[in-house]
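Working notes, beginning with the structure itself.
The values are calculated or read from the model by the stated rules, or taken from the named source; none is laboratory data. Values in this document were obtained by computation on a predicted structure and should not be read as measured data. Note that each Cβ is placed from the backbone with ideal geometry, even for glycine, and that neighbours are counted across all protein chains shown.
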Amino acid sequence: SFWMFVWDALQDTTLIILMVCALLSVVVGLASEGWPKGMYDGLGIILSILLVVMVTAASDYKQSLQFKELDNEKKNIFIHVTRDGGRQKISIFDLVVGDIVHLSIGDQVPADGLFIHGYSLLIDESSLSGESEPVYTSQDKPFILAGTKVQDGSAKMIVTAVGMRTEWGRLMSTLSEGGEDETPLQVKLNGVATIIGKIGLVFATLTFVVLMTRFLIDKGLTVGLSNWYSTDALTIVNYFATAVTIIVVAVPEGLPLAVTLSLAFAMKKLMNDKALVRHLAACETMGSAGTICTDKTGTLTTNHMVVDKIWIAEVSKSVTSNSSLEELNSAISSSAWSLLLQGIFENTSAEVVKGSDGKQTVLGTPTEIAIFEYGLSLQGYRDAEDRSCTKVKVEPFNSVKKKMAVLVSLPGGGHRWFCKGASEIIVEMCDKVIDQDGDVIPLSDDRRKNITDTINSFASDALRTLCLAFKDVDEFDENADSPPNGFTLIIIFGIKDPVRPGVKEAVQSCITAGIIVRMVTGDNINTAKAIAKECGILTDDGIAIEGPDFRNKSPEEMRDVMARSLPLDKHLLVTNLRGMFQEVVAVTGDGTNDAPALHEADIGLAMGIAGTEVAKENADVIVLDDNFTTIINVARWGRAVYINIQKFVQFQLTVNIVALVINFVSACITGVTNIIDGVLLSLLCSCCG
Ligand SMILES: Nc1ncnc2c1ncn2[C@@H]1O[C@H](COP(=O)(O)OP(=O)(O)OP(=O)(O)O)[C@@H](O)[C@H]1O
Ligand SMILES: [Ca+2]
């Protein structure tokens, strides 16, 4: 409560000394000058101390309320659950036992529960047990604990315990909340404050010595040194209080406080600008950022994906209207149709769900949704006659493999693998393709070249390209991975994901402000180039490179654009930039793949909407609207904080030194100082801060 802050403020050493002085002054004053005249000095000091304490406590209290609010915001995670037969998104605070939680890669498990259904669920329990090896969880080993993280795969879990009843909750209740560490600037200013405090101490001692000497000489000359009265004691106490006042005036306690205040102010403003600052130091660091490594999907682009072009049966078509679907319907054979629909609807992690309001929506990652919705639009033309197969095995998508595979058992017997993912990777795995009659034909060099050209032309139009392929197998090993080759290519999707409005201007203002913007993406290099050009990141003499090439290069060769990067590439880039070039690096990201880089960066910015919990946890700032422009705002505020603090330090030091000198000189010349004035002056300094 408020009184705790008052108590804290009272703990200040100089204030305690002053209080002792005040008490002494009252006692001696009463003894020598009597009531009420003897009280005045002491009371004056006490009043000033009270004022200082109240102002400090009130500002600290206000701060803590604000931090608490932000803290709640930080902890408020939204999760997908099935409840009352409908799927919905709820806050972690509303989760109850019996809810079915949908977990996917990058999630933090919100409650204790039991595994019901899922594929390749890999759980990282290090936060709970310290065990660094992640564990596979399945029907045989069904316990999932709150606070752990989903490293791979997806699953449904039924909640058995929530909140403080979970293992995690119990563990947390034994730990007290760790306070915010001091920011680098605060540490530095604390140092400055200490030095000035020491100077003040020297001056204070000097003043006391000067005053005492004057007093003794005076006394020796008038009444002689052997005659002492109680008023003498009062004078000495007052001299001592004067010395202490000089220390109080000299110590710029306001400095570190000023940092907190301006950071907190920036934090509040940023919250309105859709950036949630998790660590106070982040604002300040962002002000000095020299490089921003941004990912593409979702940060520079809108993340609303739609299939825009396809290539099937050796021809590319643009998908714009119903007429083009009809044309497609007549152009490809029925066997190709069924393969296509099977592939789209079996090899997906998106699903159609009925919300609590009865409305149907498609859920999943934006890429999955785009393909799934395209599949739904085709359905009107061909019925789902052949879709009665059962899934045997699923290898969920992740950024390292950049593909997803499923094994299904066909109604007519036999098994079939479907694989979809990054176009170059899938084409590499194919040696056959479906032609216009629906026949499977070998992939000759000519055809392969044609396909590569198609992919490049799609990518150059800034489309994200994905391929879908299949392979029939007679027998399979339950534990084996999907085959690395022998696939037949069905279709190439070109998915449009337009650049966000305002990004180009934001990049431009970065460049004007001297911040270099680099793009690191998991996407195809041509797509990356096209988008980078559109945003103004890639100039004509800029360089784009692919992840595998980057790994073989020396660290000196830093790139404007890196494509087909692996999570570790991002991390490596950040480490190099920080280590070799001593740059202050900001990184933005959303996926689990970005977490290592976010953590390594001087300042990590995670996306609030598309971002996974793991990414957010490793970030210093959460960009609530996923917008690159917001990132610029963070940098802007960071710089403002710097400038404000700079100005304040100038102001405070001037005031301190002037006050110090005036107090000292006046003490030496006149032999009296005004304690109350001194205290009020220091109070004024703190208030101005
Ligand atoms: N659900 C999916 N199934 C199969 N392949 C996918 C899926 N989603 C994306 N891909 C492929 O993986 C690539 C993206 O990989 P990755 O996750 O590393 O990048 P990203 O995070 O989407 O992009 P960025 O780094 O720009 O944000 C895409 O180019 C696409 O070809
Ligand atoms: Ca990403």
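Residues being of a type in the set (Lys, Arg), in the same structural domain as Ile669 (by TED's automatic domain parsing) and in a helix (DSSP H, G or I) are represented in the range 189-204 by at least one member. Residues in the range 266-313 that are among the hydrophobic types (A, V, I, L, M, F, W, C) and in a loop (DSSP other than H, G, I, E, B) were compared, and the one that is nearest to ligand 2 (Cβ to nearest atom) is Leu300.
Residue-by-condition table, conditions (1) closer than 30 Å to Ala233 by Cβ; (2) surrounded by 16 or more Cβ atoms within 10 Å (Cβ to Cβ):
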| site | (1), (2) |
| --- | --- |
| Pro36 | yes, no |
| Ser48 | yes, yes |
| Ser59 | no, yes |
| Lys62 | no, no |
| Glu69 | no, no |
| Lys74 | no, no |
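Among the residues of the range 397-438, those identified as within 16 Å of ligand 2 (Cβ to nearest atom), surrounded by 15 or more Cβ atoms within 10 Å (Cβ to Cβ) and at pLDDT below 90 are Phe397, Asn398, Ser399, Lys401. Only strands (runs of 3 or more DSSP E) whose full extent lies in the range 393-489 are considered here, and the ones with at least 3 residues that are in contact (Cβ under 8 Å) with a residue 60 or more places away in the chain are 403-409, 415-422, 463-473.
Take Gly130 and tell me if it is at positive phi and crowded, with 18+ Cβ neighbours inside 10 Å. Criteria not met by Gly130.
The number of residues in the range 512-528 that are away from ligand 1 (no atom under 13 Å from the Cβ) and surrounded by 14 or more Cβ atoms within 10 Å (Cβ to Cβ) comes to 3.
For the range 557-645, the helices (runs of 4 or more DSSP H) that sit wholly inside it and include 2 or more residues that are surrounded by fewer than 18 Cβ atoms within 10 Å (Cβ to Cβ) are 567-581. Among residues of the range 441-450 being in contact with a strand residue (DSSP E or B) (Cβ under 8 Å, 6 or more places away or on another chain) and buried (at least 16 other Cβ atoms within 10 Å of the Cβ), the one that is nearest to Asp481 (Cα to Cα) is Leu443.
The residues on offer are Trp311, Trp337, and the sole one that is crowded, with 21+ Cβ neighbours inside 10 Å and on the phi < 0 side of the Ramachandran plot is Trp311.
Among the residues that make up the range 489-496, is at least one of them surrounded by fewer than 21 Cβ atoms within 10 Å (Cβ to Cβ) and away from ligand 1 (no atom under 16 Å from the Cβ)?
no
Checking Ala281 against (1) touching a Cys at 6+ places or on another chain (Cβ under 9 Å); (2) buried (at least 17 other Cβ atoms within 10 Å of the Cβ); (3) not acidic (Asp, Glu): exactly one of these is not met. Which one? If we test Ala281 against (1) touching a Cys at 6+ places or on another chain (Cβ under 9 Å); (2) buried (at least 17 other Cβ atoms within 10 Å of the Cβ); (3) not acidic (Asp, Glu), just (1) comes out false.
Ser324 meets each of the listed conditions (1) at pLDDT 85 or above; (2) closer than 30 Å to Ile525 by Cβ apart from (1).
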